[in-house]
Amino acid sequence: MAPPTPAPPTPTPPRHTLLGRLTLPERNYVAEALRTETVGGLILLAAAVTALIWANTFEGSYADVSGFHFGPASLGLDLSVTHWAADGLLAVFFFVVGAELKREMVAGQLRDPRAAALPIVAALCGMAVPALVYTLTNVVGGGSLGGWAVPTATDIAFALAVLAVIGTSLPSALRAFLLTLAVVDDLFAILIIAVFFTDDLDFLALGGAAVGLALFHLLLRFGVRGWYVYVPLALVIWGLMYNSGVHATIAGVAMGLMLRCTRREGETRSPGEHIEHLVRPLSAGIAVPLFALFSAGVSLKGEALAGVFTRPETLGVVLGLVVGKTLGIFGGTYLAARFTKAELNKDLAWADVFAVASLAGIGFTVSLLIGELSFAGDADTVNEIKAAVLLGSLIAAVLSGVLLKLRVRRYRELYEAEERDEDASGVPDIYEQDDPGYHLRMAAIHEEKAAEHRRLAERAGAASNKPDSPA
């Protein structure tokens, strides 16, 4: 009797690649977005330095300008310059965040559940671990637990400014991971602000804001165009949201999430992408730097810096940013890869993930905002918390800079390979390997070079056969 035929082996499903190569449209979008954020980050860095110099050299004038009030008091909007920057200008920043998030969910990396799991888990761990580090530090030291949310946020613009200063060109996979991580991070920071820092609600104003948002959505849905329609409506929604007791920046996020970010036939760019492209420079180049100018001006005299490592609240912020962010993001990424059986991109190493995780410890814009909200009414503690945010971000920047510099040669090789376009088609060669036209163009280029070398060889041979040529 013949032995039974063995069943064919069950094919092993392909493993998902962690931090794999982006599609060409996604690569182009990430490159454009990060280019704007990098320029904005350098402006932000300059604004922060200016604020520190101004506040510590001409303390009186800085306080006078920051505390100057203006606005219609009858509408509840007689606010200080600092208040306008935090509640007004940052609404523009959060509008861009909302638009980014919407695009990521419908056309970017968050569209694919397997790909989305990585940045979501990494961002959650990158917020939970710093909060835990802060809480443990203050439980042991007997400090206030009110600032637990301060070290949970990452500042993408400041992180990119650090990359620009140290001259590191990250490969597109790491750049996209950092951007998506920051977008998800901002989403959870928004939820923290909405849930934990909402004052007594004015339901009439909140209802008016909801009606305004509904009208905003209907106008978008019916394709109504014109900034003169949307900008006044957005200002009304913002004012109502501010007076409702919910933090006014939530209005910006809500409007950003309503934009259509899918392309229809004949569109080269969706309305959401178009509006984000227009507003992002305003956010990165004006709104966020002005917020930094009037929020980062902390006194660095004596107690502010000396107390950072002795007071549990400020020490918790520094440790949360430097240690908590790094371990949280790296650990979350590793666990996501382990449990989803994803395989790390063969061009990268786990050391690269650790370096990017340490870079995410730069928490500036949203951390400063949450610091002000956490200790509202206590000016001295707010000043010390801000000093801790600045110092923690500086330490994270130096640490990540050292780690990234250790791999800069490898990053440069990968970046140059991604940008190489030998056939001058306008598309990087790495994306044309399955295009027969690319290989035909390259064959023609090499044949032309070969013909030129043959002519040079014949010319050299003819010269060597002359009687007076050297033997």
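The values are calculated or read from the model by the stated rules, or taken from the named source; none is laboratory data. In this text the structure is predicted, and so the values were computed from the model without any measurement. Positions of Cβ are generated from backbone atoms using ideal geometry, with glycine treated the same way; all protein chains shown enter the neighbour counts. Just so you know, the surface numbers come from the protein's heavy atoms only, side chains and all, with ligands and any DNA or RNA stripped out. Shrake-Rupley method; radii C 1.70, N 1.55, O 1.52, S 1.80 Å.
Before moving on, here are some points about what is shown:
- Qualifying positions in segment 139-172 - of a type in the set (A, V, I, L, M, F, W, C), open to solvent by less than 10 Å² (accessible area, probe 1.4 Å) and not in a helix (DSSP H, G or I): A149, A153, L170
- Close pairs from segment 328-347: first assigned to a strand (DSSP E or B), partner surrounded by 20 or more Cβ atoms within 10 Å (Cβ to Cβ), Cβ under 7 Å, at least 6 apart: E343/L18; L344/L18; L344/L19; L344/A337
- Every residue from segment 261-290 that is open to solvent by less than 70 Å² (accessible area, probe 1.4 Å) and hydrophobic (A, V, I, L, M, F, W, C): C261, I275, V279, A284, A287, V288, L290
- G126 being under 14 Å from L359 (Cα atoms) and more than 13 Å from the chain's Cα centre (by Cα): yes
- Selection within segment 69-86: residues that are of a type outside the set (A, V, I, L, M) and assigned to a helix (DSSP H, G or I). The member of this set that is least open to solvent (accessible area, probe 1.4 Å) is T82.
- When segment 102-116 is filtered for residues that are of a type in the set (A, V, I, L, M) and either touching a Leu at 6+ places or on another chain (Cβ under 6 Å) or part of a helix (DSSP H, G or I) (or both), the ones remaining, listed by number, are M105, V106, A115, A116.
- Note on segment 397-419: residues that are over 16 Å from I166 (Cα atoms) and hydrophobic (A, V, I, L, M, F, W, C) amount to 2.
- Checked against the criterion of being closer than 20 Å to V183 by Cα, of a type in the set (K, R), at pLDDT below 85 and part of a helix (DSSP H, G or I), segment 18-25 has no qualifying residue.
- From the list E452, E422, E384, E458, the lone residue that is in a helix (DSSP H, G or I), acidic (D, E) and modelled with pLDDT under 85 is E458.
- As a summary of the residue check, G108 satisfies the conditions (1) surrounded by 22 or more Cβ atoms within 10 Å (Cβ to Cβ); (2) at pLDDT below 85; (3) in contact with a helix residue (DSSP H, G or I) (Cβ under 6 Å, 6 or more places away or on another chain) except for the one numbered (3).
- Only one of the numbered conditions (1) buried (at least 17 other Cβ atoms within 10 Å of the Cβ); (2) farther than 24 Å from T365 by Cβ; (3) basic (K, R) is violated by R103, and that is (2).
- Every pair of residues 6+ apart whose Cβ atoms lie under 6 Å, when the first sits in segment 418-445 and is among the polar types (S, T, N, Q) while the second is open to solvent by less than 50 Å² (accessible area, probe 1.4 Å): none
- Positions within segment 377-397 being of a type in the set (S, T, N, Q), open to solvent by less than 20 Å² (accessible area, probe 1.4 Å) and under 16 Å from G307 (Cα atoms), in sequence order: T381
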